[in-house]
Amino acid sequence: PLDASTIARPGTGAHTSVLLETVGSRHDPPSPSLHAPSAPPAVAARGLTITDSEGRDYIDACGGAAVSCLGHGHRDVIAALHEQADTLAYAHTGFFTTEAAERLGDRLVADAPEGIGHAYLVSGGSEAVEAALKLARQYATERGEDGRRHVIARRQSYHGNTLGALATGGNEWRRAQFKPLLMETHHIAPCFAYREQREAESDADYAARAAGELETKIQELGPETVLAFVAEPVVGATAGAVPPVGDYFRRIQEICDRHGVLLVLDEVMCGMGRTGTLHACEQEGISPDLMTVAKGLGGGYQPIGAVLLSERIYDAISNGSGFFQHGHTYMGHPMAAAAALAVQEVIARDDLLANVREMGAHLRARLKETFGRHAHVGDVRGRGLFQAIELVADRETKDPFDPALKLHARIKAAAMERGLMVYPMGGTIDGARGDHVLLAPPFIVEREDIDRIVERLAEAVDAGLGEVA
Ligand code: PMP
């Protein structure tokens, strides 16, 4: 566990919030350097590169946490921010709406899956998930369905760190010590082919089996008591870019609809173009009742998130009590909205989603080429510019490395030493899953960047493995 001396190491600039996000396991650190950022403070950033105070450059191959979709220092976004700051930096939503917030809302709704009619702007992913859960509950109560209270989600999921979102996520390591504070939730298996699909089981059979768990759970709880099912279409932080199989999500939607259970898709990490379409759920052919987006929405230029909600939820509330009983001081912030609007306009203007698809295919091919036969890489997976490798002690048995070895943290440190930022996680889910490394480079990435990223990653993986093998 962390103690004060590891939290505040003088001279590293490692303050608690950064450090705690860096830590990947509850086990004692094998060496303190794995737990503090291995770089001095960041002082500048342009395009794909972040520079530290000693003048060293790092390729941002993960957009921080899949945030920096446009790269750093984009002139158009900076100009939009200047203009907004100069015109109107803040107006409370209890008094006013603003042009920036309205334009962003219109844009989000115009580009959203069918049925989505409104956007609720907040300041980040966890806030978006909290608002989505409360919108779901208020929808039920407005309709006189007070008995609907159970939230079902999946193991190996992450939905945020505030209490409702933390309760919803299935990451045991993050939840463990806060359990007494968490609302009751229910978890089913994720759709995770590498770990859960049986040998000789077809994709269709596996999708049916995995989705069938939702049906079973709803029946067990009593359909009239179930409020919502929450899932990431492509799982991000807890398992590393895990895409669904076959018609899994169409089956999930059918089950939800049949029981009057709201489908909440958390696209905070996998959404806003990351997988090659604006929303990851487009590739599944489904439209959720509620959807959360954040990270790539503002591309890191400002903190922002949103809940996209269907007309029927909006109508139930506006024709009912007429007021969503929720709110945050900084929701609909004009600076955040202006930044997000500029980011989304550049992505559309420069057709960057085409680049996500093309460079995503190149990244995947290079990863397969480099790691496809690697003795300790069990899986290469993902969609678009959202790709991951999973490290295993044994390819045949898929046994993970001992979580106490903190292989993922070693790989991250080795990558930083080589001027490469990657997003590692591992050994955190009931101790049963392997370490993985997630790549989520900005949408402006080019072939040569990807080649350099994969080369450096290969070195970092072998360096990390060299320390534990
Ligand atoms: N949902 C998902 C799927 C996420 O990946 C994250 C952040 N990693 C969150 C919610 C929480 O977002 P935030 O950190 O902005 O609160």
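A few comments on the model shown:
- Applying the condition of being within 19 Å of Ile347 (Cα to Cα) and surrounded by 24 or more Cβ atoms within 10 Å (Cβ to Cβ) to the range 302-324 and asking which residue is nearest to the ligand (Cβ to nearest atom) yields Gly305.
- Number of positions in the range 163-178 that are touching a residue at least 40 places away in the same chain (Cβ under 8 Å) and more than 21 Å from Ala228 (Cα to Cα): 3
- Residue ID - surrounded by the fewest Cβ atoms within 10 Å (Cβ to Cβ), chosen from residues in the range 234-275 that are under 18 Å from Glu201 (Cβ atoms) and touching a residue at least 60 places away in the same chain (Cβ under 8 Å): Pro243
- Among the residues of the range 73-82, those that are in a helix (DSSP H, G or I) and either surrounded by 13 or more Cβ atoms within 10 Å (Cβ to Cβ) or of a type in the set (Val, Ile, Thr) (or both) comprise Asp76, Val77, Ile78, Ala80, Leu81.
- Here Ala39 qualifies as among the hydrophobic types (A, V, I, L, M, F, W, C), assigned by TED's automatic domain parsing to the domain that holds Leu438, under 15 Å from Met416 (Cβ atoms) and modelled with pLDDT of 50 or more.
- The range 120-144, subset charged (D, E, K, R) and more than 17 Å from the chain's Cα centre (by Cα), residue nearest to Glu232 (Cα to Cα): Lys134
The values are calculated or read from the model by the stated rules, or taken from the named source; none is laboratory data. Just so we're clear, the structure is a prediction, and the values are computed from it rather than from any experiment. Glycine gets a Cβ as well: all are built from the backbone with ideal geometry, and neighbour counts include every protein chain shown.
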